[in-house]
Amino acid sequence: MIIQQLSIFVQNKIGRFTEVTNILGQAGVNMEAFTVSENSDFGILRLIVDDTQRAVDALRAANFAVNITDVVCLDCADTPGSIAPFMNILSREGVSIEYMYAFTMGDRSRIVIRTDDLERCDRLISE
């Protein structure tokens with residue numbers, strides 16, 4: 001399924017991630033998944049939240065640069081090798097993956113995939 005992800009640009013300094021978590025908590029927004037990539041000057045915090053628009057409004061009000069990006073979210077069993085058949089399909093079909101990250105909830109895994117052809121990716125892994 002295609003879902004929305006937030007990309008928040010943060011300075012690479014102590015306390016910036018803490019500030020984001022406080023803002024979202026005060027706004028009543030639950031962070032469901034996240035990943036951080038960084039370089040020497042700034043980082044990109046990618047988040048899946050339970051209320052995208054509320055999160056965007058709260059973060060922008062606090063002067064954070066926030067983008068909304070569509071991503072594919074694959075739901076599969078949390079067992080060894082369960083993601084392999086899906087990755088085999090995407091590779092065989094020539095789908096390029098820009099990045100991905102995963103999290104588990106109980107006996108299920110959720111894999112967040114960013115690609116340049118979201119609809120095709122979603123269709124291929126849903127068949």
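Scan the range 113-127 for residues that are loosely packed, with under 14 Cβ neighbours inside 10 Å and assigned to a helix (DSSP H, G or I) and report the count.
Looking only at the range 113-127, we keep the residues that are loosely packed, with under 14 Cβ neighbours inside 10 Å, and these are 116, 119, 123, 126-127.
Keeping just the survivors that are assigned to a helix (DSSP H, G or I) gives 119, 123, 126.
The qualifying residues number 3.
Under 18 Å from the mean Cα position of the chain (by Cα), under 27 Å from GLY106 (Cβ atoms) and among the hydroxyl-bearing types (Ser, Thr, Tyr): is that true of THR79 in this structure?
Numbers: under 18 Å from the mean Cα position of the chain (by Cα): no; under 27 Å from GLY106 (Cβ atoms): yes; among the hydroxyl-bearing types (Ser, Thr, Tyr): yes.
Considered against the rule, which asks whether it is under 18 Å from the mean Cα position of the chain (by Cα), under 27 Å from GLY106 (Cβ atoms) and among the hydroxyl-bearing types (Ser, Thr, Tyr), THR79 comes out as no.
Residues being surrounded by 12 or more Cβ atoms within 10 Å (Cβ to Cβ) and of a type outside the set (A, V, I, L, M, F, W, C): count how many of those fall in the range 12-29.
Number of matching residues: 6.
Would you pick out the residues in the range 43-72 that are in contact (Cβ under 8 Å) with a residue 60 or more places away in the chain and surrounded by fewer than 14 Cβ atoms within 10 Å (Cβ to Cβ)?
ASN67, ILE68, THR69, ASP70
Since every read-out is calculated from the coordinates, none of them should be taken as a lab result. No experiment lies behind these values; they were computed from the predicted model shown. A quick note on method: Cβ atoms are made from the backbone with ideal geometry, for glycine too, and the neighbour counts reach across all protein chains shown.
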